[in-house]
Amino acid sequence: MQKEKRLNFFERYLTVWVGICIVIGVVVGTTFLDVVKPISEMNVYGVNIPVAILVWLMIFPMMVQIDFSSIKDVSKNYRGLGLTLFINWVVKPFTMALFAYIFFNYLYNSYINPSLAKEYIAGAILLGAAPCTAMVFVWSYLTDGDANYTLVQISVNDLVLLVAFIPIVKFLLGITDIVFPYEVLFTSVVVFVVIPLSLGYATNKLLIAKFGLEWFKTQFLSKLRPLSIIALLLTLVVLFTFQGDSILQKPFDIFLIAIPLAIQTYFIFFVTWFIGKKLKLQHNVCAPAAMIGASNFFELSVAIAIAMFGLQSGAALATVVGVLIEVPIMLSLVFLANKWKW
């Protein structure tokens, strides 16, 4: 009998941990604001140093799994990879911007003031422009996805991220009339993508060469993975420490932000899924393609939102709402992908 596939303890209850972080952060932020306020002022070239350290601890365990040598196998599932690239870079960022623009500028104009609406749109754009990296391994596993194809698509997407993320974010923020510091965007991508990706790849190669692939997967990664979750939760505590007043004054905003983010997630999944079926992709290729399109690299989005707009910004809050709803929505899509298996 096949063993039931499940998320590990931390991942399965990620939404609960985020909720706890909201409570802790709000309590600390409203009680000890004078003590923690200096943290928000420890910036170098627009990047908050304590947050940058936590984000590195978040991102590095993901980046160290990337193996660019797998790209040599790209021709084996070129249609699936082509679909992934089309959805992630031609469709997804623009539909996210569209949904956010419609909801925050029009449907929510009676509830959210225009300046805050722009910040929420900015956060949504940052989420939409950053396709998922690490959690796709989990979603692919839960839907019996092709592990080799999943590795290829993530590796290729990370390479595209290096060159496409900045132009897309700059364009979408520009057409929505959001003023942002371009130099901070550039610095953030270097700090939170280029450097950890380079170090992760080098670490991957060195450790596998010295200790072997089996040790790397079963020993090193298993011990490193909890570090990413812990760093994410600590980052959220810091973020909500400075979002405390906003959350207490506008708790309804979190619900409002979640609606377009959820619609975008389901929309992208269904579009990718049905295009994949039309292309006659195998289920073990179509499922991870739809999952990587639907999910977001929320760790990167949170980091860049904080760097560009500040710890207390609506943009940062919007990206954190993305973290809050990610796991329950993606688990519902795992259920659908398995139910529709062919």
Criterion violated by residue 275 - all others in (1) part of a helix (DSSP H, G or I); (2) under 19 Å from residue 188 (Cα atoms) satisfied: (2)
If only one of 20, 87, 53 is out of contact with any strand residue (DSSP E or B) (no Cβ under 8 Å at 6 or more places or on another chain), under 28 Å from residue 209 (Cα atoms) and modelled with pLDDT of 70 or more, which one is it? 53
Check segment 138-155 and report whether any residue there is among the hydrophobic types (A, V, I, L, M, F, W, C) and without any contact (Cβ under 8 Å) to a residue 24 or more places away in the chain. yes
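For every residue, the table says whether it meets (1) of a type outside the set (A, V, I, L, M); (2) exposed (fewer than 15 other Cβ atoms within 10 Å of the Cβ); (3) touching a helix residue (DSSP H, G or I) at 6+ places or on another chain (Cβ under 6 Å); (4) in a helix (DSSP H, G or I).
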| position | (1), (2), (3), (4) |
| --- | --- |
| 187 | yes, no, no, yes |
| 192 | yes, no, yes, yes |
| 202 | no, yes, no, yes |
| 218 | yes, yes, no, yes |
| 222 | yes, yes, no, yes |
| 225 | yes, no, yes, yes |
| 237 | no, no, yes, yes |
| 257 | no, no, yes, yes |
Boolean, residue 128 is small (Gly, Ala, Ser) and out of contact with any Ser or Thr (no Cβ under 6 Å at 6 or more places or on another chain): yes
Would you tally the residues in segment 131-148 being modelled with pLDDT of 75 or more and not in a helix (DSSP H, G or I)? 6
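What do you reckon, is residue 152 out of contact with any strand residue (DSSP E or B) (no Cβ under 7 Å at 6 or more places or on another chain) and over 15 Å from residue 288 (Cβ atoms)? Walk me through it before giving the result.
Values: out of contact with any strand residue (DSSP E or B) (no Cβ under 7 Å at 6 or more places or on another chain): yes; over 15 Å from residue 288 (Cβ atoms): no.
Spelling it out, it is not the case that residue 152 is out of contact with any strand residue (DSSP E or B) (no Cβ under 7 Å at 6 or more places or on another chain) and over 15 Å from residue 288 (Cβ atoms).
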Looking at segment 109-130 only, could you name the residues that are hydrophobic (A, V, I, L, M, F, W, C), modelled with pLDDT of 90 or more and not in a helix (DSSP H, G or I)? 112, 129
The lone condition residue 148 fails out of (1) crowded, with 21+ Cβ neighbours inside 10 Å; (2) farther than 21 Å from residue 231 by Cβ is (1)
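The values are calculated or read from the model by the stated rules, or taken from the named source; none is laboratory data. Keep in mind that this is a model prediction, so the values were computed, not measured. Methodologically, a virtual Cβ is constructed for each residue, glycine included, from the backbone with ideal geometry; neighbour enumeration extends over all protein chains shown.
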